[in-house]
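Participant: Pasting in a structure now, in structure tokens, and then I'll have a few things to ask.
The values are calculated or read from the model by the stated rules, or taken from the named source; none is laboratory data. If you're wondering where the values come from, they're calculated on a predicted model, not measured in any experiment. Neighbour counts are summed over all protein chains in view; Cβ atoms, including those assigned to glycine, are modelled from backbone coordinates with ideal geometry. For accessibility, only protein heavy atoms count, side chains too; no ligands or nucleic acids. Shrake-Rupley method; radii C 1.70, N 1.55, O 1.52, S 1.80 Å.
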Amino acid sequence: MSEHSSHSKAVELNIEGAGCASCVGKIEGALKSISGVESAEMNFADRTVTVKGSANTDTMIEAVENAGYQASLIENESESDALEEKEQANKAYYKRLMTKMWIALGVGVPLMAYGLLGGAMTVTTPKERIAWLVVGLITLAIMYFSGKHFFTGAWKSFKNHSANMETLIALGTGTAWVYSMIVVFFPDSLPEMARHVYFEATAMIIGLINLGLALEVRARGRTSEAIKRLIGLQAKTARVIRDGDEKDIPIEDVQKDDLVRVRPGEKIPVDGVVTEGSSTLDESMLTGEPMPVEKGEGDEVSAGTINKSGTIIFKATRVGKDTALAQIIKMVKQAQNSKPPIGRLADVIAAYFVPTVMIIAVISALVWLNFGAQDAIAFAVVSATTVLIIACPCALGLATPMSVMVGVGKAAEAGVLIRNGESLQTASKITAMVLDKTGTITEGSPKVTDIVAYNDFSENDALQLAASLETGSEHPLAQAIVESAKEKDIELSKSSDFNSIAGHGVEGKVDGKHLYFGNEKLMRDQGIDIDHAVDRAQELAGEAKTPMYFAVDKQLAAILAVADPIKEDSIEAIKRLQQANIRVVMLTGDNKATAKAVANKVGIEEFFAEVLPEDKVDKVKQLQKEGELVGMTGDGINDAPALAQADVGFAIGTGTDVAIESADITLMRGSLHGLADAVATSKATLRNIRQNLFGAFIYNVAGIPIAAGLLYPFFGILLSPVIAGAAMAFSSVTVVTNANRLRFFKPKDH
């Protein structure tokens, strides 16, 4: 496919031939060297690379091929088709590897058993020469049928002046075979003790490494379980009503504004708004919320959710790749393919690892040749071969991406969308969490609780005027006033000259009267006498209500108190954050008394009241100056600047909110438990990555000196190349298995 757009875009390439972590740096480097490429990030676990920029796709593929690998563009086919194709390819690859493994071990195991049972693995007589020559040729056939991919990969790397996993395996097994053939052809030219053949090592190493790769391929398939489940939520067909006729059509053919009927038990095929009927919908797989949600006329429904009871008809508003579910799948895939900073460090180390190992192998061989005993040649061959085999950084390359894939998917299952690997890593280290009060700790749907009238105004008169004024405002508190008037069937008047005074209140005219509605500061600024009402206002604030003063023609008419119920689970979720040693801070534009009452109820000791929207950024900065790593949680609209300033921004969205696109982490449901789950999952993922990296590093750091023969002078221990091959193969399997443990992770107290 050819693309010539000058606009920046993101394309995903499938990579073949990348055998180990050192390949990551080469492929990314080759792509980054192209003019127009802004970034290239490879997921070694998934063997895909995401390239951003305006470069031509053909040029990208050519650059990868010049670096010694194969690349192909991942076309924009349906997610389920792409997944199915990938699974089939993985199954076929697994089968090929297992066949190669059986062929190699079919020869290697009997040979090794022969040696262990006391059989002579040396060449001393003409009869033995012929016998071992036949074995050598059979081993050569195994190297071709079962190990050809290692040698071709090594040759491509050699032509590109680089080295990778295939280089180490080809050099190791090739050295063992060539040395053995020298023994077979020229036994008399070698000391008697050095006439040992290592054909079994060559066959066993090739067999075991193929086995390790096969097990890795199978285990890798489990890491994308979350994506499979999300894709599985998509309906295949939709019952569309067009021109009065109903018919089932593929969801790809559903168009915006189509009317869609959904019966009990069916999945919602696309996003839309209910126009007829009512039902309860199971949104658990999309939001993590276990309780079914009531839906009626005017309510939004999302693709992938399940209709539990009644029949509903809805109007399609988003179809195809625009649905919330499609956006979520795309976002989770992107996050799974991104790297946290700790992963980039591992890639850098891996890039230098293979050349360093080759140098160590040569030095090891030279030391044995110069300072070894009379069988120094054999020892030199064994040590160099073992170093080459055992030092392969396969496990190092898998350590980070495997954990990220599982961790991001696990979070998505709980309704937590993590944007990228960097957010994941930073969230695990958060020391302070700033919570916006309204809509975050509270329900965000306040209601009028008290009306205290003054100066000959009745409660209904005050409410009628205040609600008439607030019809021009979209603030949640204003909506509560208007709703209260509607509930009392109070007829509203038309307002004019409406003016919102940020952080203080509003003013305007109704029925020729000049009205002010807001906090104490607004009243004082306007010279309105409220001294006789302050005590009552403070009493209401002490009850976690928000008192607002209402004045008509500069005369106090009433105090209207509004309360926003605290979410049922906010107290427990905040407790979970505090138990994780996170400093929890509340921000609110409310007065101090109300803020204190709410903070006391939910167990927050530190809060900032009467904070204007623009001041929230300063509060976040203040915490950062104190050395805190700050997470900010808000609704993603008014809190956007503070979300951006925070080290990690958590947006509380519904899955259809633009917050999905703007936040580092989006909580699909309103519960703060999602916040605690996000932090706990990120910590578990980073802990898993560290375990993997520790295992991989320790394995290489401890394995190389032993392979080089460091223990031999002291304990007579020299590692067999066969053991090295097995250890290398199973180190990758161990890392992948450990990463898959994350699939069973469950945040505590949830």
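Participant: Using θ = phi - 60° and the Karplus curve 6.51 cos²θ - 1.76 cosθ + 1.60, what whole-Hz ³J(HN,Hα) does each residue of the range 315-327 get, with Gly and Pro shown as x?
Facilitator: Result, rounded to whole Hz: 9, 5, 10, 9, 10, x, 6, 8, 5, 4, 5, 4, 5.
Participant: On a 0 to 90° scale, report how tilted helix 613-625 is relative to the longest principal axis of the chain, with both axes built from alpha carbons and the result rounded to the nearest 10.
Facilitator: For helix 613-625, the angle is close to 40 degrees.
Participant: Same structure, new question: Restricting to Cα pairs below 8 Å that are 6+ residues apart, what does the relative contact order work out to for the range 461-595? Please round to a whole percent. It would help to have the intermediate numbers written out before the result.
Facilitator: Numbers: 196 pairs, mean separation 23.8, N = 135.
Relative contact order for the range 461-595 comes out at 18 percent.
Participant: Given the pairs K545/K621; K447/K545; K545/K575; K521/K619, which span a C-alpha to C-alpha distance of over 19 angstrom in this model?
Facilitator: Numbers: K545/K621 29 Å; K447/K545 10 Å; K545/K575 23 Å; K521/K619 21 Å.
Checking Cα-Cα distances, K545/K621; K545/K575; K521/K619 exceed 19 Å.
Participant: Ignoring ligands, DNA and RNA, please state the percent of accessible area on the range 242-386 from carbon and sulfur, probe 1.4 Å. It would help to have the intermediate numbers written out before the result.
Facilitator: Details: 3910 of 6890 Å².
About 57 percent, which is the carbon plus sulfur part of the accessible surface.
Participant: Accessible area per residue, 1.4 Å probe, Å², for the range 447-563: what's the number? Don't skip to the answer; put the middle values down first.
Facilitator: Values: 5630 Å² over 117 residues.
Computed with neighbouring chains in place, this is 48 Å² per residue.
Participant: In the structure displayed, which of K295/K330; K159/K330; K32/K156; K410/K625 lie more than 31 Å apart, Cα to Cα? Present the calculation step by step, with values, prior to reporting the outcome.
Facilitator: Values: K295/K330 26 Å; K159/K330 37 Å; K32/K156 20 Å; K410/K625 33 Å.
Pairs exceeding 31 Å: K159/K330; K410/K625.
Participant: Stokes-Einstein D for the range 447-563 at 4 °C, 1.567 mPa s, Kirkwood Rh over Cα pairs, in µm²/s? Don't jump to the answer; show the numbers that get you there.
Facilitator: Numbers: Rh = 13.8 Å.
D, rounded to a whole number, is 94 µm²/s.
Participant: Leaving out ligands, DNA and RNA, and with a 1.4 Å probe, what % of the accessible surface on the range 463-526 is carbon or sulfur?
Facilitator: Numbers: 1450 of 3300 Å².
So the carbon and sulfur contribution to the accessible surface is 44 percent.
Participant: What trypsin sites (Lys or Arg not before Pro) in the range 426-496 are in a loop by DSSP, with at most 10 other Cβ atoms within 10 Å of the Cβ? All intermediate terms of the calculation are to be shown ahead of the outcome.
Facilitator: On the way: sites: K429, K437, K447, K486, K488, K494; in loops: K429, K488, K494.
For trypsin sites (Lys or Arg not before Pro) across the range 426-496 that sit outside H, G, I, E and B with at most 10 neighbouring Cβ atoms in 10 Å, the list reads K494.
Participant: How far is helix 721-741 tilted off the main Cα axis of the chain, in degrees rounded to 10, range 0 to 90?
Facilitator: With both axes taken from Cα atoms, the answer is about 10 degrees.
Participant: Calculate one ³J(HN,Hα) per residue across the range 515-524 by plugging θ = phi - 60° into the Karplus curve 6.51 cos²θ - 1.76 cosθ + 1.60, and present them in order as whole Hz with x for glycine and proline.
Facilitator: 10, 10, 9, x, 8, 4, 5, 4, 5, 4
Participant: If the reach is capped at under 16 angstrom between alpha carbons, list the lysines near K513, excluding any in the same chain fewer than eight residues apart.
Facilitator: The qualifying lysines are K494, K554.
Participant: Before rounding to the nearest 500, sum -39500 (n - 2.57) across all DSSP H runs of length at least 4 in the chain and divide by the residue total; then give [θ] at 222 nm in deg cm²/dmol.
Facilitator: Details: 26 runs with 379 residues, N = 750.
Counting only the DSSP helices, I get -16500 deg cm²/dmol.
Participant: Moving on to the next point. Considering the convex hull of the alpha carbon atoms of the chain, report its projected area averaged over all viewing directions, in nm², one decimal.
Facilitator: Details: hull surface 161.9 nm².
Result: 40.5 nm².
Participant: Compute the distance in nm between two label points, each set 7 Å from the Cα along the Cα-to-Cβ direction, one at Y93 and one at R242.
Facilitator: Taking the two extended label points, one gets 4.0 nm.
Participant: Any chance you could give the angle, 0 to 90 degrees and rounded to 10, that helix 79-116 forms with the longest Cα principal axis of the chain?
Facilitator: Long axis of 79-116 versus the principal axis of the chain: about 30 degrees.
Participant: What dipole magnitude, in Debye to the nearest 20, does the range 447-563 give about its Cα centre under +1 on Lys/Arg Cβ and -1 on Asp/Glu Cβ? Before the final figure, lay out each step's value.
Facilitator: On the way: 11 positive and 21 negative charges, 46 e Å.
That gives the range 447-563 a dipole magnitude of about 220 debye.
Participant: So for the chain, averaging the separation of alpha carbon pairs under 8 Å that are six or more residues apart and normalising by length, what relative contact order in percent results?
Facilitator: Working: 1535 pairs, mean separation 101.3, N = 750.
Value for the chain: 14 percent.
Participant: Right, another one. On full extension of the chain, what length is gained from E84 through E266, given 0.36 nm per residue of separation minus the C-alpha to C-alpha distance? All intermediate terms of the calculation are to be shown ahead of the outcome.
Facilitator: Working: separation 182, 0.36 × 182 = 65.52 nm, distance 2.31 nm.
Fully extending the segment from E84 to E266 adds 63.2 nm.
Participant: Per residue, how large is the accessible surface of the range 85-209? Use a 1.4 angstrom probe and give square angstrom. Kindly include the intermediate steps, with their values, before the conclusion.
Facilitator: On the way: 6320 Å² over 125 residues.
On a per-residue basis, the range 85-209 sits at 51 Å².
Participant: Can you give the charge dipole size of the chain about its Cα centre, rounded to the nearest 20 debye, using +1 on the beta carbon of Lys and Arg and -1 on the beta carbon of Asp and Glu? Before the final figure, lay out the partial values.
Facilitator: Values: 72 positive and 91 negative charges, 828 e Å.
Result for the chain is approximately 3980 debye, rounded to the nearest 20.
Participant: Ok, one more. Quick query: amide H of V585 versus all other amide H atoms, modeled in the peptide plane; which residues come in under 5 Å with a sequence gap of 5 or more or a different chain?
Facilitator: Excluding prolines and chain starts, which carry no amide H, the hits are M433, V434, L435.
Participant: Let me ask something additional. If you take the beta carbon distance between D615 and T431 as r and set R0 to 30 Å, what does 1/(1 + (r/R0)^6) give as a FRET efficiency, to the nearest 0.05?
Facilitator: Working: r = 22 Å, r/R0 = 0.72.
After rounding, the FRET efficiency stands at 0.90.
Participant: Per the 1.4 Å probe, what fraction of the accessible area of the range 10-75, in percent, lies on carbon and sulfur atoms? The partial results should precede the final answer.
Facilitator: Numbers: 970 of 2270 Å².
Of the solvent-accessible surface of the range 10-75, carbon and sulfur hold 43 percent.
Participant: Return the subset of K228/K321; K437/K592; K52/K429; K86/K247 for which the Cα-Cα distance in this structure is over 23 Å, preserving the input order. List each step's numbers first, then the result.
Facilitator: Details: K228/K321 17 Å; K437/K592 13 Å; K52/K429 28 Å; K86/K247 32 Å.
In this structure, K52/K429; K86/K247 exceed 23 Å between Cα atoms.
Participant: A further question follows. Please state the relative contact order of the range 10-75 as a whole percent: Cα pairs under 8 Å, 6+ residues apart?
Facilitator: On the way: 111 pairs, mean separation 29.4, N = 66.
Worked out over the range 10-75, it gives 45 percent.
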